[in-house]
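Since every read-out is calculated from the coordinates, none of them should be taken as a lab result. These figures come from a predicted structure and were not determined experimentally. So basically every Cβ, Gly included, is an ideal-geometry build from the backbone, and we count neighbours across all protein chains shown.
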Amino acid sequence: MTPEAATIPPHFIQQLIDSDLRAGRLGTGGVVTRFPPEPNGYLHIGHAKSIYLNFGMAAEFGGLCRLRFDDTNPLKEETEYVASIESDVCWMLGQPLSEPPRFTSSYFPQIYDYAEQLILNGKAYICDLSNEEIRATRGTLTEPGQESPYRNRDITENLQLFRRMRAGEFADGSRVLRARIDMAAGNINMRDPILYRIRRATHHQTGDTWCIYPTYDFSHCLADAIEGVSHSLCTLEFEDHRPLYDWILDQLGIGNPRPHQTEFSRLSIEYTVLSKRRLNLLVASGRVSGWDDPRMPTIAGLRRRGYTPEALRSFCRHIGISRADNHVEMGLLEHCIRDDLDHRAARVMAVLRPLKVVIENWPNQQVEWLTAPCHPQDPSMGSRQLPMTSEIWIEQDDFRPQAAKDFKRLILGGEVRLRNSYIIRCQEAVTNPVSGAITELRCTYDPKTLGTNPTDRKVRGVIHWVSAQYGRTAEIRLYDRLLTTPGADADGDDAFLALLNPDSLSVLSDCWVEPSLVDATPEQRFQFERVGFFCVDSRDSTPDHLVFNRTVALRDSWTKKDSG
RNA sequence: UGGGCCGUCGCCAAGUGGUAAGGCACCGGAUUUUGAUUCCGGCAUUCCCAGGUUCGAAUCCUGGCGGCCCAGCCA
């Protein structure tokens, strides 16, 4: 954990682990946690919360946390996802895994043996009901279910049938192994839940070794037990599964110390969606360019957007761990990345929407190389050279023909400071005679104002600029929220897709950046002064065609004032 | 009128019977060649509501109200 963690009061899980440790309830293995994703999609920031918690608890209490792929459903899983998950976990943690990842599938032999043991104990039976029949006899939220006619098969028959299931003698879906618990239980998970199903699918890890696969409920608690997990941390929707988790371990005689499940609330963030199924829909429908589209709340997307692992960890620290709804505003995530990047991003200048400025009293063709610091508060970051020339680009928004309330940028007849350069005065605005649009500004500069302010007058504004002769063109991509509504509540896929913000991406292809940026490398992050934090796109940027992604805009107290 | 969980500032979140931490957001004001950063200051007489217990309650009890999860051979 970071030093500042000490200043944050411990959350309920830290308190729990601490008391388990003090009471000597953990056995020789100490604190063991696991992060157990299913490799059926990319990790998102909700997973980041879980990664930070699980690995964080192990680190804080001198224990161990493993990455374990919960790969019990070969129909939905792919090796592409196991690769992306491992890479995202390491990136976010900022270090390699302490040991290779594990797979629930590697425990299939033991899990199978446990199933036979359950059958032998009379606690599980083979049910021949169809999928539909099982659903129909499960009961409803308010009515109990009905017992399966196969519930009282004798142990020998159950064992034989189960072995034949494994041997591939029965068709997919024709039989299942069910726990024998209580069809009248208020908790539907306890109404003879399915433990094993027949599924002839090639598994990404075990190939065609198995044609029966254990369900989540049966395998998760056993994998935890096999690995010596002490604290099985998961989100609140699994709370109803805890009685089953404990029941299975009880029936199999797995005594203390043994794993205990503890739930915390899952993360949700306004104006985005944190459901693997829906993120998958966005990718599959082509609404985004991929799992790592910078608009995606995936770890890969945030990374490509320019987020740092440190910012993600800081965010996880800030949102806390509790059992109440963890519905967080975007503003907190943005705060975390600004806070981190402010310290480490080199400052440069870039003009997103250019307006030509001709400095009439600047010696034509002459260039003056000015020195500018890379970070105003951190001299150790060094400096770079800026070419000042007779023609420069400034931001369209930084000029208005007439003075307006509180507007402290350039106006006709007024003066403004060019960042890291001289003060200029606007003499004339050239307009297109047909459209009336301003096409160019004619200005003069004051040669006595480099590095010092005039004493006879006050110039309030400072604007950024790029030399027209030496600047480089660039494509800059601006991102906005993915959804138009704070929540992603929608009944069907179409309703959900209708919530998408049509302006979540805007591409500016006519931008100018200062020449020092030619050497920028993929993922390198900068602050474009007065604009925001940007990074070099890792996929599309080339030395001949620079592409920058806006990670986050700078805080802006002007736009609000101006429009309000 | 099935089971489980949760309700403390706009958002997150401490608090575990002794008189409401902190972060984000927001609002001032100072510094500033980024309308950024930084810095100072403000921001819950009140803890979903109503009763009760107590010298004392966000914390205990009772009863309401509101929200979330569960009827995949998904995880």
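Normalised by the number of residues in the range A:1-85, the mean separation of alpha-carbon contacts (under 8 Å, six or more apart) gives a relative contact order of 35 percent.
Using bins of 10 Å that start at zero, the share of Cα-Cα pairs per bin across the range A:367-488 amounts to 11, 34, 32, 15, 7, 1, in whole %.
So which of A:K448/A:K560; A:K356/A:K448; A:K49/A:K560; A:K405/A:K458 end up more than 26 Å apart by C-alpha?
Numbers: A:K448/A:K560 35 Å; A:K356/A:K448 23 Å; A:K49/A:K560 33 Å; A:K405/A:K458 17 Å.
Correct reply: A:K448/A:K560; A:K49/A:K560.
Distance between the modelled labels on A:Q365 and A:A490, one decimal in nanometres: 6.0 nm (7 Å Cα→Cβ projection).
Rounded to the nearest 20, the Cβ-based charge dipole of the range A:12-264 about its Cα centre (Lys and Arg +1, Asp and Glu -1) stands at 400 debye.
Per-peptide packing, taken as the mean over residues of other Cβ atoms within 10 Å, places A:357-363, A:538-544, A:224-230, A:139-145 in the sequence A:224-230, A:357-363, A:538-544, A:139-145 from highest down. With K and R counted +1 and D and E -1, the other residues having a Cβ less than 10 Å from that of A:V547 yield a net charge of -1.
About its Cα centre, what dipole magnitude does the range A:328-435 give when the only charges are +1 on Lys and Arg Cβ and -1 on Asp and Glu Cβ, stated in debye to the nearest 20?
On the way: 13 positive and 15 negative charges, 45 e Å.
The dipole of the range A:328-435 has a size of about 220 debye.
Across the range A:93-152, the convex hull enclosing all Cα atoms gives 181 Å³ per residue.
Taking all Cα pairs closer than 8 Å and separated by 6 or more residues, the relative contact order of the range A:356-464 comes to 27 percent. Over all pairs of different C-alpha atoms, the range A:357-407 has a mean inverse distance whose reciprocal, the Kirkwood radius, equals 13.8 Å. Among residues other than A:F315 with Cβ under 12 Å from its Cβ, the summed charge is -1 (Lys and Arg +1, Asp and Glu -1). For the Cα trace of chain A, dividing Rg by the Kirkwood Rh returns an Rg/Rh value of 1.11. Spin-label model, A:N432/A:H318: points 7 Å from Cα along the beta carbon direction are separated by 4.2 nm.
Put a dot 7 Å past the Cα of A:R344, heading toward its Cβ, do the same for A:F12, and the two dots end up 3.4 nm apart. Contact order for the range A:158-236, expressed relative to its length and based on alpha carbon pairs under 8 Å spaced 6+ residues apart, stands at 24 percent.
Cross-link partners of A:K408 among aspartates and glutamates, defined as those whose alpha carbon lies under 19 angstrom from its own and excluding same-chain residues fewer than eight positions apart: A:E395, A:D397, A:D398, A:E428, A:D446, A:D456, A:E529, A:D556, A:D562.
Using just its DSSP H runs of length 4 or more, each adding -39500 (n - 2.57), chain A gives a mean residue ellipticity at 222 nm of -8000 deg cm²/dmol after division by all residues.
Quick one: in the range A:449-488, what % of C-alpha pairs are over 13 Å apart?
The proportion of pairs with Cα distances above 13 Å equals 77 percent.
Ranked by the mean number of other Cβ atoms within 10 Å of their residues, highest first, the peptides A:495-504, A:327-336, A:36-45, A:407-416 come out as A:36-45, A:407-416, A:327-336, A:495-504. A protection proxy built from the mean count of other Cβ atoms within 10 Å ranks the segments A:314-324, A:117-127, most packed first, as A:117-127, A:314-324.
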